Every structure is written in C-alpha cells, then in structure tokens.
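The structure under discussion appears below in the form of structure tokens.
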Amino acid sequence: MKRLLPVATAFVGFAIPALLALAPSPSAALGADPSSPSIGAVFTARVDVVRGGVRLANLALGRDVGVDQAPQSARILPASFDLDEAADRIDVLDTVNARIATFDAGGRATAAIPFAGGSRTIGDLVRMPDGTRYALDVVRRQVIRIGTGGGQTVLDEPELGDDAVNERLELQGTHLYVGEPRRPLLGAPPAAPAVRAIPDGRSAMFGVTRVPFERIVLDVVEHAVDGRNTLWAIVDLDDGSQRLVSIDLADPTRAQVRTMDASVFGDVTRRLVTLDRGGAVVMSASRTSLVFTRYEEVVR
C-alpha cells in the first residue's frame, strides 16, 4: 500500500489509486539523496507547514459501518480500508459486521461482500492491481482471497503468529507480505528494504531524514510510499494531536507537515493508503463517524 495526490482547495473528481506497492530504488527506499556523496548522512529537514486535505466520504458508525454503541468504542471501528482508483471506490473492512463494505467518493454504499466464514477477527485488507483483494485473519491463521467476482478462497498460513493481532498486509508489485519486518506470504520472494521510521524526542527519523516537531513524538503510527516516491506518515505527539508528514525521497532535506483535523483511535490496523499517482488518503474517526480525507504534496 502506498500512493498520493496534490492539495486542492476544491474536489474535482476523486482519483483513488489501487494499492500497488512500487518498490523504490535502494537509495530512495532508505530516504537517501541519490546525488549525495555520503549515503550515511543524516539530514534535518526544513519543515513547511501546509494546509489540510480534501474531505471525501463521511460514513456514519452504526448505520454505514461499525457499531455506534458498545462498552469499548475502540473495538467497533472498521479495522482497515483500501482504494480502487479506476472505479473511484473505497473498500472498508467492516470487521464487526464480518464484511467488506464498498462506497463511492460521496459515501454512498455500492456493494457489500460478507466473509464466507463469518469471521470477525479479520484485521487487514489490501487490493491487488487486478482487483483481487486479500484479507488477513491472524487469529485463524488464514489469508482470504476475494476474486473480482466476489468468490472467496481461504488459504491457511500456519506461520502467522498469535502475537500478530495488528499485523499489516503489504504489497510489493503483485507480491504479498505481512508484518514488520516483512515476511513473504503465498510464495512471495523476500521483500525489498523499507524506510525505517523511528520516534526520537522532539523529532522523528525517516530513513536518513530527521523531521523536527514542536512537541515530543510518541509514535510514528504508520508510513508508506506513494507512486511518486513520496513518503507519507502519521505521527502522534504527546499532547494527543497528530501530524501528517510527507517527504519527497529524492530530496530528503525538506518535509511538509499538516495538522490533522480528526484523529484515529482504537484498534485500527490501517489508517493511511498511498496513491499510485502520488498522494494519500487517511481514515480518521470521531465517536459517531468515519471520515476519509485525501492529501497531496503542495508544489512550492
């Protein structure tokens, strides 16, 4: 999963790319400047604070997806989502209702596929370039393949561990991986190196790029690279706020940072999907709704 788009002031046509994990070049994958004589260099990025993104679908919890009343609201959110760029659709892993619910850019329901086994322990979902989807059920140690016609095949994966409840699926090309470090699934070859993201006091390291913040960084919630080789990351700060960071891996000396206007809480596996054209879509939530927002790099 990886991809993005530009920051528009108005929404004109919703382009959400399929999750095709394009593997960047080795230097880019490490966040290094290919022209730099020292691959071991660390760059403190110049930070540009930019405006937020474009609000897309807004789904009501309990009516469209999830459950709106429960003793632990952290357990009622959809666990993951993915995008179909060609059809302008959002696939939501509606875990509590044991299904994939599909919506258009305006939030209108277009399809729903119940999981054949009725499992409510499925934790992640990815879409292949050809429209095939894979769902990960760590508890049952299974990967479910959902064909373009909706037919399902359950594939046993005994190597999935009991401690991998929030493990993520990752795509590189047409190959499927799980976890960090990435472990091959379904006969995939070894994974290409990924950008490392590490909290470091009032900054976070992304490969060789240090991005400073005004407060202590508690966590880099997740990060992925889009089709234009821009890294996107969600960062949690110690005051409870979140920032969305983007770094052009060809120029590790600069970063763009946005304050997110909504947060994600609870046991959610995937909050960020990057776009093949460049850009990212973020899933955030309040107590009553699930919101999808598209972000793009701002051209300076």
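The values are calculated or read from the model by the stated rules, or taken from the named source; none is laboratory data. None of these values were measured; they are calculated from a predicted model. Reconstructed Cβ throughout: ideal geometry from the backbone, glycine too, with neighbour counts over all protein chains shown.
In the set 285, 233, only one residue is modelled with pLDDT of 90 or more, surrounded by 21 or more Cβ atoms within 10 Å (Cβ to Cβ) and within 15 Å of the chain's Cα centre (by Cα); that residue is 233. Within the range 218-230, the residues that satisfy the criterion of being within 16 Å of the chain's Cα centre (by Cα) and either of a type in the set (A, V, I, L, M, F, W, C) or in a strand (DSSP E or B) (or both) are 219, 220, 221, 222, 223, 224, 225, 230.
Rundown of residues vs (1) closer than 29 Å to residue 227 by Cα; (2) basic (Lys, Arg), yes/no style:
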{"residue": "111", "(1), (2)": "yes, no"}
{"residue": "115", "(1), (2)": "no, no"}
{"residue": "120", "(1), (2)": "no, yes"}
{"residue": "132", "(1), (2)": "yes, no"}
{"residue": "147", "(1), (2)": "yes, no"}
{"residue": "150", "(1), (2)": "yes, no"}
{"residue": "157", "(1), (2)": "no, no"}
{"residue": "179", "(1), (2)": "yes, no"}
{"residue": "182", "(1), (2)": "yes, yes"}
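Cβ separations smaller than 6 Å between residues 6+ apart or across chains give the following pairs from the range 126-144 residues that are in contact (Cβ under 8 Å) with a residue 40 or more places away in the chain to residues that are among the polar types (S, T, N, Q): 131/148. Just checking, does the range 243-251 include any residue being closer than 19 Å to residue 58 by Cβ, among the basic types (Lys, Arg) and touching a Leu at 6+ places or on another chain (Cβ under 7 Å)? Checking the range 243-251: not a single residue is closer than 19 Å to residue 58 by Cβ, among the basic types (Lys, Arg) and touching a Leu at 6+ places or on another chain (Cβ under 7 Å). For the range 153-166, the criterion of a residue being under 25 Å from residue 88 (Cβ atoms) and modelled with pLDDT of 90 or more is satisfied by no position. Scanning the range 208-216 for residues that are acidic (Asp, Glu), farther than 30 Å from residue 63 by Cβ and either assigned to a strand (DSSP E or B) or at pLDDT below 90 (or both) turns up nothing. Taking the range 81-196 as the region of interest, the strands (runs of 3 or more DSSP E) fully inside it that hold 2 or more residues being surrounded by fewer than 17 Cβ atoms within 10 Å (Cβ to Cβ) and of a type in the set (A, V, I, L, M) are 109-114, 152-156.
Each residue in the range 60-86 was checked for being out of contact with any helix residue (DSSP H, G or I) (no Cβ under 8 Å at 6 or more places or on another chain), over 15 Å from residue 122 (Cα atoms) and either modelled with pLDDT of 85 or more or hydrophobic (A, V, I, L, M, F, W, C) (or both), and 9 of them qualify. From 203, 246, grab the single residue that is more than 15 Å from the chain's Cα centre (by Cα), of a type in the set (Ser, Thr, Tyr) and within 25 Å of residue 284 (Cβ to Cβ). Step by step, each of 203, 246 is checked, and only 203 is more than 15 Å from the chain's Cα centre (by Cα), of a type in the set (Ser, Thr, Tyr) and within 25 Å of residue 284 (Cβ to Cβ).
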